[in-house]
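> The structure that follows is given in the form of structure tokens.
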Amino acid sequence: MPVPFRIREFGAGDFERLWRIDRECFPEGIAYSKQELKEYLGRRGAFCYVAEREDSARVRAARTRSSEIAGFILGESDRRKMGHVITIDVLPHARRAGLGSQLMSMAEERFQKAGCSAIVLETAVDNVTAIRFYRRRGYSILKTIPRYYMGSIDALQFYKRIEDVSVLTS
């Protein structure tokens, strides 16, 4: 039975945990440094949704840290009304429970409300799980970006028109 998750806006107290989650989800060189993550979170038009186990959300107020965070999505919309998913991270124990889809749906709705015309994101060419996930959600490969990660691993840039989002969220 899937564990229910509560999704909320990022809070400043979440930063260290999100940085650790990113390091657990991605290899060294692809995972963001603290400085990079801080810069992305502070960009104009940036947003971050954090997912925590529903049962831990009730007791979180009694804790000083958000240790039950299972994943997050970080995105931004720019002046050209383009949405960009910077990263989506789900811890291994929470995968295959629909959490990634919940996070993506919320981000897509956010982009739609912000008036974005399309969404782009990047993933490594060898990240087969992510490639399948994005294709299932209606994203198409726009281009290959040579040596995007660590100066040696190519990335696929995916693209989805925002009109396609309403099909998934209605």
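The values are calculated or read from the model by the stated rules, or taken from the named source; none is laboratory data. Here the structure is a predicted model, which means the values were calculated and not measured. Neighbour counts run over all protein chains shown; Cβ positions are idealised from the backbone, glycine included. Protein only, heavy atoms only, side chains kept; ligands, DNA and RNA dropped before computing areas. Shrake-Rupley method; radii C 1.70, N 1.55, O 1.52, S 1.80 Å.
> Here are the criteria: (1) of a type in the set (Val, Ile, Thr); (2) more than 11 Å from the chain's Cα centre (by Cα); (3) surrounded by 17 or more Cβ atoms within 10 Å (Cβ to Cβ). Tell me which single one residue 85 does not satisfy.
Against the list (1) of a type in the set (Val, Ile, Thr); (2) more than 11 Å from the chain's Cα centre (by Cα); (3) surrounded by 17 or more Cβ atoms within 10 Å (Cβ to Cβ), residue 85 comes up short only on (2).
> Which condition does residue 32 not pass, out of (1) at pLDDT 95 or above; (2) exposed (fewer than 12 other Cβ atoms within 10 Å of the Cβ); (3) assigned to a loop (DSSP other than H, G, I, E, B), if it passes all the others?
Of the numbered conditions (1) at pLDDT 95 or above; (2) exposed (fewer than 12 other Cβ atoms within 10 Å of the Cβ); (3) assigned to a loop (DSSP other than H, G, I, E, B), the odd one out for residue 32 is (2).
> Scan the stretch 155-164 and give yes if some residue there is in contact with a Cys (Cβ under 8 Å, 6 or more places away or on another chain) and touching a residue at least 60 places away in the same chain (Cβ under 8 Å), otherwise no.
Yes; the residues of the stretch 155-164 include at least one that is in contact with a Cys (Cβ under 8 Å, 6 or more places away or on another chain) and touching a residue at least 60 places away in the same chain (Cβ under 8 Å).
> Ok, one more. What is the number of the single condition among (1) free of Cβ contacts under 8 Å to residues at least 12 places away in the same chain; (2) surrounded by 17 or more Cβ atoms within 10 Å (Cβ to Cβ); (3) within 20 Å of residue 4 (Cβ to Cβ) that residue 68 does not meet?
Condition (1) is where residue 68 drops out.
> Right, another one. Is it the case that residue 40 is under 15 Å from the mean Cα position of the chain (by Cα), among the hydroxyl-bearing types (Ser, Thr, Tyr) and assigned to a loop (DSSP other than H, G, I, E, B)?
No; evaluated as a whole, the condition is false for this residue.
> Scan 133, 158, 111 and give me the residue that is open to solvent by 20 Å² or more (accessible area, probe 1.4 Å), under 16 Å from the mean Cα position of the chain (by Cα) and among the hydrophobic types (A, V, I, L, M, F, W, C).
133
> I'd like the full set of residues that are under 21 Å from residue 28 (Cα atoms), surrounded by 14 or more Cβ atoms within 10 Å (Cβ to Cβ) and not charged (D, E, K, R), limited to the stretch 117-130.
Residues satisfying the conditions are 121, 123, 124, 125, 127, 130.
> Tell me, which residue of the stretch 43-59 that is in a helix (DSSP H, G or I) and either among the aromatic types (Phe, Trp, Tyr) or in contact with a Lys or Arg (Cβ under 6 Å, 6 or more places away or on another chain) (or both) is modelled with the highest pLDDT?
54
> Could you list, in sequence order, the residues of the stretch 149-160 that are assigned to a strand (DSSP E or B) and either of a type in the set (Gly, Ala, Ser) or at pLDDT below 95 (or both)?
149, 153, 155
> Mind listing just one residue for me: the one in the stretch 1-29 that is without any contact (Cβ under 8 Å) to a residue 24 or more places away in the chain and open to solvent by 80 Å² or more (accessible area, probe 1.4 Å) and, of those, farthest from residue 54 (Cα to Cα)?
Once the filter is applied, the top-ranked residue is 28.
> Is there any pair with a first residue in the stretch 141-154 that is open to solvent by less than 70 Å² (accessible area, probe 1.4 Å) and a second that is not hydrophobic (A, V, I, L, M, F, W, C) whose Cβ atoms are under 6 Å apart and which are 6 or more apart or on different chains, and what are they?
These pairs meet every condition: 145/157; 154/144; 154/146.
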